[in-house]
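The values are calculated or read from the model by the stated rules, or taken from the named source; none is laboratory data. Just so you know, these numbers come straight off a predicted model, no measurement behind them. Cβ coordinates were reconstructed from backbone atoms using ideal geometry, including for glycine residues, and neighbour counts include every protein chain displayed.
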Amino acid sequence: MTTVNIKILWPHEAIRARPGMYLEGASDPCSQAEVLLKLTVESMAITGNGAERLPVVLRLWPGPAFEMTCPWQCSSSEFLGRGRSTLSSVEWRMLNLFAGGPRTWEFLDGHGILLSALSSRVLLQVSNGERCCESAYSRGGLISPLQDSRTGPSNGSRVVFELDPLFFNDAARAHVHSDEVLDALAARFSWLTIAQRASDVRAGDPWSP
């Protein structure tokens with residue numbers, strides 16, 4: 001192999017090409033979808049205080065779509081550009097793969113890009129107690145930069161996402177919506193509340209609450 005044969009992938013391309021490398025070695029779409037959901041739940045609950053975890057509320061919607069909320073409030077600096085980049089710190093974590101060094105203990109940490117890379121759409125709403133902003137992503141790209149939100153929480157954070165049907169087949173998406181997966185998550189994480197299952201609602205739109 002020569003340098004001519006080497007192709008440098010963008011982080012989201014690398015994730016979609018070999019998701020098992022980033023999703024705890026999961027080898028099939030069903031297990032990959034399950035691991036992605038678990039990582040997202042864990043990431044929303046993480047704080048900088050060791051084993052302490054924020055409470056996370058999970059709601060499932062037809063689509064299938066997932067909605068998660070937690071009381072995490074970002075600082076004002078999270079809304080500002082990072083270094084020479086025009087991206088805010090929140091957007092940076094959703095689009096750039098964390099590699100090496102200590103964990104940052106910040107919202108979604110390095111798992112934000114896993115979520116955005118493997119979802120057809122993601123809505124992220126974050127608050128600092130005085131201002132609420134939102135941004136939208138699709139398949140690893142930014143489709144709506146951080147802007148003020150009128151529908152987001154004033155005292156916490158909210159994520160809505162749909163797993164990419166181009167990547168996760170119907171069986172995988174049905175599996176990760178199943179009571180089996182939800183019950184396992186609830187048993188594993190004492191701070192997780194499942195407030196709504198897909199069977200609880202026949203219709204609904206979590207994208208515009």
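Below, the figures for the structure above:
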quantity: Unique match (being among the hydrophobic types (A, V, I, L, M, F, W, C) and loosely packed, with under 13 Cβ neighbours inside 10 Å) among 174, 187; calculated: 187
quantity: Candidate set from the range 125-148 (those that are among the hydrophobic types (A, V, I, L, M, F, W, C) and farther than 17 Å from residue 77 by Cβ); member that is surrounded by the fewest Cβ atoms within 10 Å (Cβ to Cβ); calculated: 143
quantity: Lone qualifier among 171, 117 - being under 18 Å from the mean Cα position of the chain (by Cα) and within 21 Å of residue 15 (Cα to Cα); calculated: 117
quantity: Of all residues in the range 149-171 being farther than 15 Å from residue 122 by Cβ and touching a residue at least 60 places away in the same chain (Cβ under 8 Å), the one that is surrounded by the most Cβ atoms within 10 Å (Cβ to Cβ); calculated: 156
quantity: Some residue of the range 132-142 being hydroxyl-bearing (Ser, Thr, Tyr), modelled with pLDDT under 90 and either on the phi > 0 side of the Ramachandran plot or not in a helix (DSSP H, G or I) (or both); calculated: no
quantity: Residues satisfying the stated conditions in the range 25-82, i.e. in a loop (DSSP other than H, G, I, E, B) and closer than 22 Å to residue 190 by Cα; calculated: 47, 48, 49, 50, 51, 52, 54, 55, 71, 72, 73
quantity: Candidate set: the range 56-99, residues that are in contact with an Asp or Glu (Cβ under 7 Å, 6 or more places away or on another chain) and farther than 16 Å from residue 182 by Cβ; chosen: the one modelled with the lowest pLDDT; calculated: 98
quantity: Among residues of the range 176-209, those that are part of a loop (DSSP other than H, G, I, E, B) and of a type in the set (A, V, I, L, M), counted; calculated: 2
quantity: Given (1) part of a loop (DSSP other than H, G, I, E, B); (2) in contact with a helix residue (DSSP H, G or I) (Cβ under 6 Å, 6 or more places away or on another chain); (3) hydrophobic (A, V, I, L, M, F, W, C), number of the condition residue 122 does not satisfy; calculated: (1)
quantity: Among (1) part of a loop (DSSP other than H, G, I, E, B); (2) closer than 23 Å to residue 208 by Cβ; (3) not aliphatic (A, V, I, L, M), the one test that residue 162 misses; calculated: (1)
quantity: Test for residue 32: is it surrounded by fewer than 21 Cβ atoms within 10 Å (Cβ to Cβ), in contact with a Gly (Cβ under 8 Å, 6 or more places away or on another chain), among the polar types (S, T, N, Q) and at pLDDT 80 or above; calculated: no
